[in-house]
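Okay, so here's the structure we're looking at.
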Amino acid sequence: MVPPHPAMLPPDQLLAACDQRFTRRSGPGGQNRNKVETAVILSHRPTGISAEANEQRTQGENRQRALFRLRITLALEIRGTPGDNPTELWRGRCRDGKLFINPAHDDFPAMLAEALDVLNAFDFDPKRAAEFLGCSSSQLLGLLRDEPKAFALLNTKRSEKGLHSLK
């Protein structure tokens, strides 16, 4: 059994593996923002990767945003080994070769992590990775384009392997 990618962990498990700091940030938002420690900084202990959110008025809202940002960063920076088949999450979001996921949805970081792990396993060949995942290459590339850093990572890795960049 392959352990889950950190971006795929349930929020409570991922938070348990993080140090949380609260601080104040200046800027628009009224007195509450300037006097109360509503900014949240999460640091994932196993990897040292951190994320921050401070644009909302409450700690709770900022914690949610920081957690989402942390999951995206984990998806981009940590490579895992895919299982023998796509995950249940992927199969549930991929029907008839089409992906049904919004980049703002809570499942997006986990889907992104799985896509990048599979691409890594297939030497960043979108066609072979898409065949494994049960979707089209254009659907897979569309998922990566929804997170520009992921698409840039794909092209960087392809360039390192002497392959042409994708547009």
**OP:** Restricting attention to the stretch 36-52, report how many residues are farther than 15 Å from residue 19 by Cβ and crowded, with 19+ Cβ neighbours inside 10 Å.
**Re:** 1
**OP:** Hey, can you tell me all the residues within the stretch 14-37 that are at pLDDT 95 or above and not in a strand (DSSP E or B)?
**Re:** 14, 15, 16, 17
Original post:
Hey, any hits in the stretch 105-116 for a residue that's loosely packed, with under 15 Cβ neighbours inside 10 Å, touching a residue at least 12 places away in the same chain (Cβ under 8 Å) and within 23 Å of residue 52 (Cα to Cα)?
Top reply: yes
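For the stretch 38-61, enumerate the residues that are among the hydroxyl-bearing types (Ser, Thr, Tyr), in contact (Cβ under 8 Å) with a residue 24 or more places away in the chain and part of a loop (DSSP other than H, G, I, E, B). Even if it seems obvious, please write down each step before you answer.
Of the stretch 38-61, the ones among the hydroxyl-bearing types (Ser, Thr, Tyr) are 38, 43, 47, 50, 58.
Those left that are additionally in contact (Cβ under 8 Å) with a residue 24 or more places away in the chain: 38, 43, 47.
Scanning the stretch 38-61 gives 38, 47.
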**OP:** Tell me, yes or no, whether the stretch 117-135 has at least one residue that is of a type in the set (A, V, I, L, M, F, W, C) and within 15 Å of residue 8 (Cα to Cα).
**Re:** yes
Original post:
Counting residues that are among the aromatic types (Phe, Trp, Tyr), which helices (runs of 4 or more DSSP H) fully inside the stretch 100-167 reach at least 1?
Top reply: 108-121, 126-133, 148-160
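Of 144, 133, 153, 166, which residue is among the aliphatic types (A, V, I, L, M) and either exposed (fewer than 15 other Cβ atoms within 10 Å of the Cβ) or more than 20 Å from the chain's Cα centre (by Cα) (or both)? Can you show your working first?
Details: 144 fails: either exposed (fewer than 15 other Cβ atoms within 10 Å of the Cβ) or more than 20 Å from the chain's Cα centre (by Cα) (or both); 133 fails: either exposed (fewer than 15 other Cβ atoms within 10 Å of the Cβ) or more than 20 Å from the chain's Cα centre (by Cα) (or both); 153 fails: either exposed (fewer than 15 other Cβ atoms within 10 Å of the Cβ) or more than 20 Å from the chain's Cα centre (by Cα) (or both).
Result: 166 is the single residue among 144, 133, 153, 166 that is among the aliphatic types (A, V, I, L, M) and either exposed (fewer than 15 other Cβ atoms within 10 Å of the Cβ) or more than 20 Å from the chain's Cα centre (by Cα) (or both).
The values are calculated or read from the model by the stated rules, or taken from the named source; none is laboratory data. A quick note: this is a predicted structure, and the numbers were derived from the prediction, not measured. FYI the Cβ positions are ideal-geometry reconstructions off the backbone, even for glycines, and counts take in every protein chain you see.
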